[in-house]
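Take a look at the structure below.
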Amino acid sequence: MQTLEVQLGERSYPIFIGESLLAQPDCLLPWIRGRQVLLVSNATVAPLYAAQILKILRDAGLAVADVTLPDGEQFKDWQHLNLIFDALLAARFSRKVTLIALGGGVVGDMTGFAAACYQRGVDFIQIPTTLLSQVDSSVGGKTGINHPLGKNMIGAFQQPRAVLADTSVLRSLPERELSAGLAEVIKYGLIRDLPFLAWLEEHMEGLMARDPALLAEAIRRSCQNKAEVVAADELEQNDVRALLNLGHTFGHAIETGMGYGSWLHGEAVGTGMLMAADLSWREGWLSAADVARVRALLVRAGLPVLPPAGLSADEFLRHMAVDKKNVDGRLRLVLLRSLGDAWVTDTASPQHLRATLEAGAALGMMA
Ligand SMILES: NC(=O)c1ccc[n+]([C@@H]2O[C@H](COP(=O)([O-])OP(=O)(O)OC[C@H]3O[C@@H](n4cnc5c(N)ncnc54)[C@H](O)[C@@H]3O)[C@@H](O)[C@H]2O)c1
Ligand SMILES: [Zn+2]
């Protein structure tokens, strides 16, 4: 087992990464301060992994309740968030309750937001079960839900007490979800860790084959990068944390434009990163060979590299206009000055942006 620490003063917390963590009571119980626990999961993950956690909790003599949400990004909304509050209130749980999120980023974001709101804030623990949630969403304290007019627009910062990334659970993950997680892994290489990008280029087939040691290393290096960024800019007050949004402004437009649940978040981010690379090339920062390198790695990770044909440049722009990074109506984008070096800028030319949005099948193919 490996341990990392997210350094946030009194809100610091550990991330544990390793095989079969869920079978070990010592990994979970020390992070529960009171006697009440609500386990939140979804209809896919609960049947696979909830029983062993509930047993650990009950064997420890805790008062335990659980709630199972429907599975899907389309249920990351007010109505389904309320199911968590219903369960908390039905069990008459107090401010001393600990919420445990068992699932992917959807369950993690919703549980964290419920923890931020319930009685104005209670403890929560992240047990991420997708690669994406293990390398990204479970770390950093961003929580929330979607609104029909914008993704993740309603939320709060709420840091977990601990994160348990058990690599064994990734064996049951559908391949498409594995690829989606790899998009966020590749992201860390592109924004700030060129040696990691090269490591990923060396090991992509092994990662796709779910080699446990390679997965653990990819998770560790991803969480290390995320933890450093979050420690430098917990509340996204300067542009450090915003770098984590590489590909996300384009990606959110794809997700919103196609309807939540049609493209996976990671898939949209993968294509979005290629669009960001393409625009960075048009701005003269990346070489055509750099963009082709990004494209090749995304393809090897099983990710789509074509934006949806049904989404026009105007629709893209309309969805991109609601992005949280925008200031005073100016579109701000995370782009690449070089591979491994991202920055936030509002200087990209509108003509170049439109060219990227209209490039379609030609994205990353000019080398
Ligand atoms: N808070 C943040 O900082 C942050 C960062 C990135 C993404 N996100 C959010 O995370 C969400 C995406 O997360 P995700 O990709 O984990 O999606 P997800 O939570 O929808 O999980 C993907 C699918 O895998 C299933 N699943 C989960 N674990 C499994 C397992 N071990 N075996 C088999 N099936 C399993 C889920 O039930 C679901 O069907 C989005 O809502 C996104 O906005 C948040
Ligand atoms: Zn993301």
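Brief remarks on what is shown
- Residue, surrounded by the most Cβ atoms within 10 Å (Cβ to Cβ), within the range 49-60, restricted to residues that are more than 16 Å from ligand 1 (Cβ to nearest atom) and part of a helix (DSSP H, G or I): L57
- Only one entry in T256, T249, T271 is open to solvent by 10 Å² or more (accessible area, probe 1.4 Å) and not hydrophobic (A, V, I, L, M, F, W, C), namely T256.
- Filter result for G270 (within 14 Å of ligand 2 (Cβ to nearest atom) and in contact (Cβ under 8 Å) with a residue 60 or more places away in the chain): yes
- Test: residue in the range 63-82 that is of a type in the set (D, E, K, R) and open to solvent by less than 20 Å² (accessible area, probe 1.4 Å): yes
- For L182: the one exception among (1) within 16 Å of ligand 2 (Cβ to nearest atom); (2) modelled with pLDDT of 95 or more; (3) not in a helix (DSSP H, G or I): (3)
- Residues that are outside any helix (DSSP H, G or I) and within 10 Å of ligand 2 (Cβ to nearest atom), drawn from the range 242-267: L246, G247
- Selection status of V291, in contact with a Phe, Trp or Tyr (Cβ under 9 Å, 6 or more places away or on another chain), within 15 Å of ligand 1 (Cβ to nearest atom) and not polar (S, T, N, Q): no
- From S262, S312, S287, residue being of a type in the set (S, T, Y), open to solvent by 40 Å² or more (accessible area, probe 1.4 Å) and under 19 Å from the mean Cα position of the chain (by Cα): S262
- For the range 122-132, the count of residues that are more than 9 Å from ligand 1 (Cβ to nearest atom), closer than 21 Å to A242 by Cβ, out of contact with any Pro (no Cβ under 7 Å at 6 or more places or on another chain) and not aromatic (F, W, Y) is zero.
- Residue that is within 16 Å of ligand 2 (Cβ to nearest atom), under 28 Å from P25 (Cα atoms), of a type in the set (A, V, I, L, M, F, W, C) and outside the structural domain of P25 (by TED's automatic domain parsing), where the choices are I191, I219: I219
- Unique residue being open to solvent by less than 10 Å² (accessible area, probe 1.4 Å) and of a type in the set (A, V, I, L, M, F, W, C) when the list is M365, M320: M320
- Selection of the range 18-48 for residues being surrounded by fewer than 21 Cβ atoms within 10 Å (Cβ to Cβ), out of contact with any Cys (no Cβ under 9 Å at 6 or more places or on another chain) and among the aliphatic types (A, V, I, L, M) yields L22, A23, L29, I32, A43, L48.
- Scanning the range 8-17 for residues that are more than 19 Å from the chain's Cα centre (by Cα) and surrounded by 14 or more Cβ atoms within 10 Å (Cβ to Cβ) yields L8, R11.
The values are calculated or read from the model by the stated rules, or taken from the named source; none is laboratory data. Source: prediction; values computed, not measured. We place every Cβ from the backbone using ideal geometry, glycine too, and count neighbours over all the protein chains shown. Protein only, heavy atoms only, side chains kept; ligands, DNA and RNA dropped before computing areas. Shrake-Rupley method; radii C 1.70, N 1.55, O 1.52, S 1.80 Å.
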